[in-house]
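The values are calculated or read from the model by the stated rules, or taken from the named source; none is laboratory data. What you see is a predicted model; the values in this text were computed from it and never measured. Note that each Cβ is placed from the backbone with ideal geometry, even for glycine, and that neighbours are counted across all protein chains shown. Each accessible area value is taken on the protein alone, full model and side chains, heavy atoms only, with ligands, DNA and RNA left out. Shrake-Rupley method; radii C 1.70, N 1.55, O 1.52, S 1.80 Å.
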Amino acid sequence: MGDVVRRVSGGRGMALGRCDVWGKSGTGDVGRGAWVGGFYAVLAAGVWVGFVGERRRILSPRDRRAGGTWIGVNDRGMFAGLTNLSGVPRSDALTTRGVLPHLALDQDDVPGAVAAVRAAVRDGAFDAFQLVVTDGRAIRVLAYADGDLQESAPSGAVVISNEHRVGELE
């Protein structure tokens with residue numbers, strides 16, 4: 001795995017002058033994406049890029065257990081980030097929330113992303129979440145709990161966490 005960093009896809013990583021870094025790269029199913037992972041003694045990281053949906057290229061990490069992601073950016077510069085909500089009961093029988101950032105990022109703009117997520121929530125069952133979607137001009141935060149999806153359009157910086165909604169930390 002050291003050869004990946006030294007000679008193959010991570011060759012430029014040798015500019016760091018480190019010989020204690022290892023990695024592995026590969027392609028996704030049917031040529032729809034590629035991935036690279038790397039590690040050294042105290043840190044591991046991986047990233048996947050490709051087509052999750054039908055139209056947009058997306059750069060995001062991938063949740064190995066549940067699938068999906070919690071954060072990503074698409075080829076138009078649109079960003080989506082997801083948190084769960086603490087204190088709200090969770091069920092393993094529901095669809096993973098991790099599909100929502102990819103669904104949002106497969107759209108062409110923020111209104112399209114919001115509409116796609118609204119349709120998915122209307123047609124499916126998800127645990128509670130907050131989803132931030134922005135293209136650098138428009139920002140939308142979708143908060144879902146107990147069957148209720150709320151949308152806000154904050155201005156300026158947006159700060160949320162698993163325990164805090166929009167406006168509670170600013």
If I filter the stretch 96-147 down to residues being polar (S, T, N, Q) and assigned to a strand (DSSP E or B), which single residue comes out as most open to solvent (accessible area, probe 1.4 Å)?
THR134
Determine whether VAL158 is among the aliphatic types (A, V, I, L, M) and over 14 Å from ASN84 (Cβ atoms).
yes
Residue pairs within 9 Å by beta carbon, gap of at least six or interchain, first lying in the stretch 134-147 and over 16 Å from ARG122 (Cβ atoms) and touching a residue at least 12 places away in the same chain (Cβ under 8 Å), second part of a strand (DSSP E or B) and among the acidic types (Asp, Glu), listed first then second, are ARG140/GLU151; VAL141/GLU151
Does ARG137 satisfy the criteria of being touching a strand residue (DSSP E or B) at 6+ places or on another chain (Cβ under 9 Å) and farther than 25 Å from ALA44 by Cα?
no
Check off (1) touching a helix residue (DSSP H, G or I) at 6+ places or on another chain (Cβ under 7 Å); (2) within 23 Å of LEU59 (Cα to Cα); (3) not acidic (Asp, Glu) for GLY112 and give me the number that stays unchecked.
(1)
Search result, residues across the stretch 89-107 that are modelled with pLDDT under 90, of a type in the set (S, T, N, Q) and out of contact with any strand residue (DSSP E or B) (no Cβ under 6 Å at 6 or more places or on another chain):
SER91, THR96
